[in-house]
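The values are calculated or read from the model by the stated rules, or taken from the named source; none is laboratory data. None of these values were measured; they are calculated from a predicted model. Using ideal geometry, Cβ is built from the backbone for each residue, glycine included, and neighbour counts are taken over all protein chains shown. Note: areas computed on protein heavy atoms with side chains; ligands, DNA, RNA excluded. Shrake-Rupley method; radii C 1.70, N 1.55, O 1.52, S 1.80 Å.
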Amino acid sequence: MTEEIRQIIKDHGRLPIDTDGLVANTDLHQAGMTSHASVNVMLALEDHFDIEFPDSMLKPSVFESIASIEAAVSELRAKAGVV
Amino acid sequence: MAVRVGIDLVSVDTVRESIREHGDRYLGRVYTEAELHDCLGTEGTVPERLAARFAAKEATIKVLRPTDEPIPWRNIEVIRHPSGWVELELSGCAATLAAEQSLGDFAVSVSHEGGFATAVVIARRT
């Protein structure tokens, strides 16, 4: 899942840096991901993993890093019964 | 401090990309029906207007200074006056956060040119 998320960030995050260098806890906003780019990342994550982020998860900490995104996606997939 | 200010700058191309790739899912998650109506031009949705409204939402969030509270974009609505100026209406989590901090008298101004849209929001602690 980590590499899938990294690819989504690479394709939609509009980061000004090489995303291959992102580690799990790199702060994506500090790395240059804008607020609107994070919308595109969110929608791409929903499409790819067939999930929907509820309003309660629309907060900075969820989309802060690859690790935090992976935790949120895993939580939503678990709730949906997807292994 | 009695006054807070927020500002945001949005690339119109990123909005076009969102419309192209995610269509109504993007539009419905971020903008209210009234905002979408205000962004219609003679040839459909005008991405510059959407970008300006997104900038206004983000500028408002900067004024609200959430620590990590979720603020759905539709909780911050940009309302266009028939004469052309815009105002803000907060609801849900955004309104709650503003009330908790005694923030009121929100005012907004938006603009767009050269592929970018921007917005400035101010509010006063009442």
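Listing for the model above:
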item: Förster radius 45 Å - calculated FRET efficiency between residue B:9 and residue B:126, Cβ distance, rounded to 0.05; result: 0.95
item: Whole-Å distance, taken between Cα centres, linking the stretch B:56-91 and the stretch A:27-83; result: 22 Å
item: Residue mean of other protein chain beta carbons inside 10 Å, A:34-44; result: 6
item: Whole-number D in µm² s⁻¹ for the protein assembly as shown, Kirkwood Cα-pair radius fed into Stokes-Einstein, 20 °C, 1.002 mPa s; result: 121 µm²/s
item: Chain lengthening between residue B:96 and residue B:20 when straightened (0.36 nm per residue, less Cα-Cα); result: 24.0 nm
item: Alpha-carbon spread of the stretch B:60-126, three principal axes, descending order, Å; result: 35, 24, 19
item: Net charge contributed by nearby residues that have their C-beta within less than 9 Å of residue B:70 (K/R +1, D/E -1); result: -2
item: Buried accessible area, chains A and B (both chains, 1.4 Å probe, Å² to nearest 100); result: 1800 Å²
item: DSSP-assigned coil residues among GluC sites (Glu not before Pro) in the stretch B:10-63, each with at most 15 further Cβ atoms within 10 Å; result: B:43
item: For chain A: span of alpha carbons on each principal axis (Å, largest first); result: 36, 23, 19
item: Value of Rg to Rh for chain B (Rh from inverse mean 1/r over Cα pairs, i.e. Kirkwood); result: 0.96
item: Cross-link partners of residue A:79 among lysines (Cα-Cα below 24 Å; sequence separation of 8 or more within a chain); result: A:59
